[in-house]
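Written below as C-alpha cells is the structure these notes are about.
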Amino acid sequence: MHGSRSPAEGSAPTAAPAGGPGEPAISEQAWSDALSLFRKYGDGEGGIVLACHINPDGDALGSMLATGLGLRQLGIPVQASFSNPFRLAQSLTAIAGRELLVPPEEVNARPDLFVTFDTGSVDRLGDLAPLVASAGEVIVVDHHVTNAGFGTRNLIDPKAAATAVVVDDLLRRLGVTVDAEIAECLYVGLSTDTASFRGAATTPSTHELAARLLATGIKPDEISRRLYDARPMRSLHLLADVLARVTLDPAAAGGGGLSWTYVTQDDLARHGLGMEWVEGVVDMLRGAEESTIALVAKQIGPDQWSVSLRSRGPIDVGALCVRLGGGGHRISAGFTGHGPLEGVVAQVVAALAPDPVPVTR
Ligand code: MN
C-alpha cells in the first residue's frame, strides 16, 4: 500500500493538525476556503487538474476519481492524471471513473486549480510535480501524517483511515450525491488502505462509511475479487522466489527482530512481470512473529531501491522513514535507498538501533 518515498522537498517531518486534542484535524475555515476555490474555478475556463501519487494504489486512484466523478456530476469539468509510467495496476484497470484519466503530457500545465490526493510530498507527484508551482492554487487532500502541507489549502487528516474518508467529507460539503460509481471508487480506497478493514485506523466511522457505500448497490465481493484475488500464475512463482529468501535478523530493532527480503529487476524480467505483483509481500512478512519490523527492498534502478517497512510493535516506521528521506504512517512507510542492497539494509538496521551511530561522523 505504501511504496517508495523519495526525499520530501523542503517539507517538515510532521503535519501540524489545525486544532488541539479533540478538535478536527481539518478546520471549518480550511473546508470553506477549499470549497470556495472549487466554486470559483468550476466554470471550466482555466481548468481544474486532479492528480495522485506515482504508481497509484487504490486509495490514491479511488480518491482522485471519486472527486472527479463528483465534480462532473456538478457540471465541473476536470482532468485527472498521474505521473509516468501512465499505467494502472491490473487490479485497478476496471475501476469506475477511469474515463476521466488523461496522460500527464496532455494535462493543462498551468491550471487555475491543482488538487492532489494521497500524496504525502511533492516529489511523489513525479512528472506532475511542477504543477504545484505553476498552478494558481493547490489543494492537498491527504491523510499521511508526514505531509507538511504543500498546498495553498490543505485538507489533511492524519487520523483518517484513507484519503477516501477525507474525500467523502469533501463531496458531501460540495453537495455531490454519492452514486454507485463514486461509491466504488471510495470503497476501493477504504478497503485497500485499511487492509480490508483490519488496520488500526479502522473505526466505527470507517464501517459506517462502508455501509453507506454498500447501500448504493456496489458489490463488495466483485470489487474485492478484482482488487485481491485476480493474479497470473507466474506471479505465484515470483512470490515463491521472493519469499524463499526472507531473512531474519533477530538482533535488529533492539532485539525485536527484522524480517526482510528483496526483489530485483532480474526477478521481474525472469517471470515477465511488473512490480505491482510484489506490492503485498511486505504485508506477508509483517505476519512473522519472530520480528517486529518487516522490510522489502524493491529494485527500481541499478543502485536504487524502493524500500517498504512495516511495524508490528512500538517502533514508528513513519518517523524512521522521514529520517531516511521518505515518509508514511506509524506502522507502514517507505523511502528510496541508494547504493548496494546490503548497504541500504544496513542503513535501516542502524536507524533501528536504540542508540544509532550517526552515519556522517
Ligand atoms: Mn492512502
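The values are calculated or read from the model by the stated rules, or taken from the named source; none is laboratory data. Note that the structure is predicted; figures quoted are calculated from it, not measured. As a convention, Cβ positions derive from the backbone with ideal geometry for all residues, glycine included, and neighbour counts pool all protein chains shown. These area figures cover heavy atoms from the full protein model, side chains too; ligands, DNA and RNA do not enter into them. Shrake-Rupley method; radii C 1.70, N 1.55, O 1.52, S 1.80 Å.
General remarks:
- Annotation note: trypsin sites (Lys or Arg not before Pro) in the stretch 175-231 located in DSSP loop regions with a Cβ neighbour count of at most 14 within 10 Å are ARG198.
- Computed accessible area, ASP267, all protein chains, 1.4 angstrom probe, square angstrom: 10 Å²
- Percentage, to the nearest whole number, of Cα pairs in the stretch 187-246 over 20 Å apart: 43 percent
- Heavy-atom accessible surface of the chain, averaged per residue, reaches 43 Å², computed with a 1.4 Å probe.
- MRE, 222 nm, helices only [DSSP H, n ≥ 4, -39500 (n - 2.57), over the chain, to nearest 500]: -10000 deg cm²/dmol
- Note on surface exposure: ASP43, ASP169 rank ASP43, ASP169 by accessible area, highest first, 1.4 Å probe.
- With DNA, RNA and ligands ignored, accessible area of HIS271 (1.4 Å probe; Å², nearest 10): 30 Å²
- Trypsin sites (Lys or Arg not before Pro) restricted to the stretch 50-111 and DSSP loop, no more than 13 other C-beta within 10 Å: ARG87
- Share of carbon and sulfur in the accessible area of the chain stands at 54%, probe radius 1.4 Å.
- Paired Rg and Dmax values of the stretch 9-228, which use every Cα atom, in angstrom: 15.9, 44
- With the simple spin-label model, which puts each label point 7 Å out from Cα in the Cβ direction, the LEU243 to GLN29 separation comes to 5.2 nm.
- Charge dipole of the stretch 138-296 (Cα centre as origin; +1 on each Lys and Arg Cβ, -1 on each Asp and Glu Cβ, all else neutral): 160 debye, rounded to the nearest 20.
- Per-selection metrics, the stretch 233-352 (Cα): Rg and Dmax in Å: 13.4, 39
- Between 0 and 90 degrees, the angle of helix 204-214 with respect to the longest Cα principal axis of the chain falls at about 60 degrees.
- Alpha carbon centroid spacing (whole Å) that separates the stretch 288-329 from the stretch 112-184: 24 Å
- The candidates ARG173, ARG323, ARG124, ARG234, arranged from most to least accessible area with a 1.4 Å probe in the full protein assembly, appear as ARG323, ARG234, ARG173, ARG124.
- Projection of the Cα convex hull of the stretch 164-319, averaged over all directions and equal to a quarter of that hull's surface, yields 11.5 nm².
- Degrees, to the nearest 10: 180-193 long Cα axis against longest axis of the chain: 20 degrees
- Assuming charge only on the beta carbon of Lys and Arg (+1) and of Asp and Glu (-1), the dipole of the chain about its Cα centre is about 300 debye to the nearest 20.
- When LYS40, LYS219 are compared by accessible surface with a 1.4 Å probe, the order from highest to lowest is LYS40, LYS219.
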